[in-house]
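Colleague: Just passing along the structure, written as structure tokens.
The values are calculated or read from the model by the stated rules, or taken from the named source; none is laboratory data. This one's a predicted model, so the numbers in the text were calculated from it and none came from an experiment. Note that each Cβ is placed from the backbone with ideal geometry, even for glycine, and that neighbours are counted across all protein chains shown. Side chains are part of the model used for accessible areas, which takes the heavy atoms of the whole protein and leaves out ligands, DNA and RNA. Shrake-Rupley method; radii C 1.70, N 1.55, O 1.52, S 1.80 Å.
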Amino acid sequence: SLDGLNTYTGGTIVSNGTLGGIGVISGPVLITSNGSLAPGASVGTLTINHTLTLQGATVMELTRDNGSPESDLVAGVTTLFYGGTLVLTNAGTNLLAVNDVFNLFDATAFDGAFVTVVPPDGYTVDSSLLPVDGTVKITSAPVVTPPEITGFSPVNDGNFSLTFSGVSGQNYRIWATTNVANTPIPVTWDLLDTGTFGASSVTFDDLTAT
């Protein structure tokens, strides 16, 4: 993991293991077929101010947790020689959206192509612009099943607990009314809680019943 400005001279050859970090490399970089490149510290930018040759695995993290597409980035490259396998992963909690565009590589020139592009689980991507501007676009996303209430139990002091099941990354709001028998619909709803699912099931406690 290189997180500063490199002080050695000459090239960087990764013949085994993984090169990562958010630092700056001034010489040429070669990732051999037995090596891998995984820029960033979580999502972040690794700068290579020279040529970059990819022959092994390149692992790039994507996320939408801040409300817009963000990803690992390799910047500063003069000529980028694609090869090997590009592996894309969703590193965040939120689901990625169709038509999200992620900038993975900034280079003056691009050459070659990845042998294989592996999208995040459940997604498909358009990688046709990698040799043009270093970007990929999400073309399909997993079908999301709406959250369901799977359990209810009273707790002390007039409160109650609801257990939900749903896909991680979905937003939720819990509303309540004093009279569900009102017709045609209850007149007043009170907002009890909001948030985002961070796991496949979540239990909400201490929601005061009105």
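Colleague: Hey, could you check region 19-56 for residues that are touching a residue at least 40 places away in the same chain (Cβ under 8 Å) and in a loop (DSSP other than H, G, I, E, B) and say which is least open to solvent (accessible area, probe 1.4 Å)? Lay out the reasoning, then the answer.
Modeller: The initial filter retains those residues of region 19-56 that are touching a residue at least 40 places away in the same chain (Cβ under 8 Å), namely 24, 31, 33, 41-43, 46, 52, 54, 56.
Now narrow it down to the ones that are in a loop (DSSP other than H, G, I, E, B): 33, 41-43, 56.
Working: 33: 86, 41: 63, 42: 82, 43: 51, 56: 6 Å².
The selected residue is 56.
Colleague: Right, here's the next one. What tally of residues in region 71-122 results from selecting those that are polar (S, T, N, Q) and on the phi > 0 side of the Ramachandran plot? Can you show your working first?
Modeller: Restricting attention to region 71-122, the residues satisfying the condition of being polar (S, T, N, Q) are 71, 78-79, 85, 89-90, 93-94, 99, 103, 108, 116.
Now restrict to residues that are on the phi > 0 side of the Ramachandran plot: 99.
Result for region 71-122: 1.
Colleague: Between a first residue in region 81-94 that is closer than 24 Å to residue 52 by Cα and of a type in the set (S, T, N, Q) and a second residue that is open to solvent by 50 Å² or more (accessible area, probe 1.4 Å) and in a loop (DSSP other than H, G, I, E, B), which pairs have beta carbons less than 7 Å apart while being 6 or more apart in sequence or on different chains?
Modeller: What qualifies is 85/115.
Colleague: Related question: As an exercise: evaluate residue 12 against (1) among the hydroxyl-bearing types (Ser, Thr, Tyr); (2) in contact with a Ser or Thr (Cβ under 7 Å, 6 or more places away or on another chain); (3) farther than 29 Å from residue 93 by Cα and give the number of the one condition it does not meet.
Modeller: All conditions pass for residue 12, except number (2).
Colleague: Just to be sure before I move on: is residue 76 at pLDDT 95 or above and open to solvent by 30 Å² or more (accessible area, probe 1.4 Å) in the structure I sent?
Modeller: Working: at pLDDT 95 or above: yes; open to solvent by 30 Å² or more (accessible area, probe 1.4 Å): yes.
Yes; evaluated as a whole, the condition is true for this residue.
Colleague: Filter region 153-165 for residues that are assigned to a strand (DSSP E or B) and exposed (fewer than 14 other Cβ atoms within 10 Å of the Cβ) and give the result.
Modeller: Of region 153-165, the ones assigned to a strand (DSSP E or B) are 153-154, 159-165.
153, 154, 159 - these are the residues of region 153-165 that are assigned to a strand (DSSP E or B) and exposed (fewer than 14 other Cβ atoms within 10 Å of the Cβ).
Colleague: In region 8-18, what residues are under 12 Å from residue 53 (Cβ atoms) and part of a strand (DSSP E or B)? Reasoning before the result, please.
Modeller: First pass over region 8-18, keeping only residues under 12 Å from residue 53 (Cβ atoms): 11-14.
Scanning region 8-18 gives 12, 13, 14.
Colleague: Would you check which residues across region 88-100 are part of a loop (DSSP other than H, G, I, E, B) and not acidic (Asp, Glu) and list them? Outline the logic, then answer.
Modeller: As a first pass, look at region 88-100 and keep what is part of a loop (DSSP other than H, G, I, E, B): 91-100.
Passing the criteria: 91, 92, 93, 94, 95, 96, 97, 98, 99.
Colleague: Here are some residues: 5, 73, 19. Which one is over 19 Å from residue 117 (Cβ atoms) and within 25 Å of the chain's Cα centre (by Cα)?
Modeller: Numbers: 5 fails: within 25 Å of the chain's Cα centre (by Cα); 73 fails: over 19 Å from residue 117 (Cβ atoms).
Only one candidate qualifies: 19.
Colleague: Being under 19 Å from residue 58 (Cβ atoms), of a type in the set (S, T, N, Q) and surrounded by fewer than 12 Cβ atoms within 10 Å (Cβ to Cβ) is the filter here, so list the residues in region 92-123 that pass it.
Modeller: Scanning region 92-123 gives 108, 116.
Colleague: Looking at region 86-135 only, could you name the residues that are under 15 Å from residue 72 (Cα atoms) and among the aromatic types (Phe, Trp, Tyr)?
Modeller: Once the filter is applied, which keeps residues that are under 15 Å from residue 72 (Cα atoms) and among the aromatic types (Phe, Trp, Tyr), region 86-135 yields 102, 105.
Colleague: Which residue is nearest to residue 60 (Cα to Cα), if the candidates are limited to region 2-25 and must be of a type in the set (Ser, Thr, Tyr) and modelled with pLDDT of 95 or more?
Modeller: As a first pass, look at region 2-25 and keep what is of a type in the set (Ser, Thr, Tyr): 7-9, 12, 15, 18.
Pick out the ones that are also modelled with pLDDT of 95 or more and you get 12, 15, 18.
Working: 12: 20, 15: 19, 18: 12 Å.
By that ranking, first place goes to 18.
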